[in-house]
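The values are calculated or read from the model by the stated rules, or taken from the named source; none is laboratory data. Computed from a predicted structure; not experimentally measured. With ideal geometry, Cβ positions are generated from the backbone for all residues, glycine too; neighbour counts draw on all protein chains shown.
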Amino acid sequence: MKFKITAAILLITAAVFGQEFGQRKGFRGIVPKKEKTVILNEVEVSTAPMGESYAKASRHVVVLTAKEIQELPVQNINELLDFVAGVDMRQRGPLDVQGDLGIRGGTFDQTLILVNGARMNNPQTGHHNMNLPVPLAMIDRIEIIHGGAANAHGIGAMTGVVNIVLKKVGRKLNAGYSATTGQHDLINSSFYGGMSLGKWAFQLGHQFQQTSGYIANTDFTSDKLFFQLSRDWDFRGLTPHVELFYADNNKAFGAQNYYTTAFPDQFEAT
C-alpha cells in the first residue's frame, strides 16, 4: 500500500513539472501561451545627402572668420585650432612641426581635413594631416563641424570636419610679407599675394621655417608653397566656377620622443 501511494505522488509531481517546463521560453521564466501583438506607429526618417550648407546643418558648427583669426595671438593653423572648444590639438613641436587633430574625443584618423572642400587627409597616417601648405594670411574662414559627417563628406569624417576656406581674390593687388628671427638659428618668413587679371584670378603663398633646435634632435626645416588659379565662366546663362590649385609641402624634423621614448633619435621627412 505504501509503495502505491509513493508512485502516485511521483507521477503527479512529474506531470506538474512537465506542464511548467512546457510553458517556459528558454530559462527566463514562465511566459503566457498567447502573446499579444504590439503595433508601433510609423516613424519617418529623412536627410539631405548632399548640398546642405553648414549654416543650415543641424550639427554643431563653429566658424572662425578672418577678423577673428587676425585678432588671436597665433602664428599657424595648429595654434589657431587650439582655441576652439571641443577640438583637441596635440602639438609635438613649435611652429606646427607636427600635430594630431581630434574632435569630440576622436582620434587623428577620425577627423576630415578640407581646403576649399578638397580632401587633404594624408593617405599614409593621420599624424601628418595637419601638414597644410596654407599661410594664415590666405584664410577667409575655418568651418568646424562637431560630430559625424560621413554621410555628406565620406570616409574620415567620423567625429568631425575642418574645412579651410581661402580668401577670394580681389581686383586689386593684395600682398603681404612677414619675417621673424630668433635664437637657435630661427627663421620664419611668409609671403602672400593675389590679384585678378581679366577673367582670371590667382594667388600665391609661400612660407619657409627653419631652426637648429633648442635641444638635441629638435631641428626642423619646413618649406610650403601654394598657388591657386580660378575663373568664373558664363555659359548659356550658367555661371560655373573653375578653380585649380597646386600645393607643395616639404618638411623634415627631428622627432625626439614625439611618439615613444624608445626612439629618441627618430627623424622624419614628409
Residue pairs qualifying under the 6 Å Cβ cut-off, at least six apart or on distinct chains, with the first in the range 203-230 being under 19 Å from residue 75 (Cα atoms) and the second being surrounded by fewer than 19 Cβ atoms within 10 Å (Cβ to Cβ) and among the aromatic types (Phe, Trp, Tyr), are 204/227; 206/191; 223/208
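Can you tell me which residue within the range 81-101, out of those that are among the β-branched types (Val, Ile, Thr) and in a loop (DSSP other than H, G, I, E, B), is surrounded by the fewest Cβ atoms within 10 Å (Cβ to Cβ)?
To start, the set of residues in the range 81-101 that are among the β-branched types (Val, Ile, Thr) comprises 84, 87, 97.
Narrowing the set further to residues that are in a loop (DSSP other than H, G, I, E, B) leaves 84, 97.
Values: 84: 16, 97: 26.
Filtering first and then ranking leaves 84.
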Residue 181 meets each of (1) of a type outside the set (A, V, I, L, M); (2) modelled with pLDDT under 90; (3) surrounded by fewer than 19 Cβ atoms within 10 Å (Cβ to Cβ); (4) in a strand (DSSP E or B) with one exception, condition (2)
Checked 234, 223, 219 against criteria (more than 20 Å from residue 138 (Cα to Cα) and either among the hydrophobic types (A, V, I, L, M, F, W, C) or touching a strand residue (DSSP E or B) at 6+ places or on another chain (Cβ under 7 Å) (or both)); the one match is 219
For the range 60-78, state whether one or more residues are free of Cβ contacts under 8 Å to residues at least 40 places away in the same chain and hydroxyl-bearing (Ser, Thr, Tyr). no
Of the conditions (1) on the phi < 0 side of the Ramachandran plot; (2) of a type outside the set (Lys, Arg); (3) surrounded by fewer than 11 Cβ atoms within 10 Å (Cβ to Cβ); (4) free of Cβ contacts under 8 Å to residues at least 12 places away in the same chain, the single one that residue 263 does not satisfy is (3)
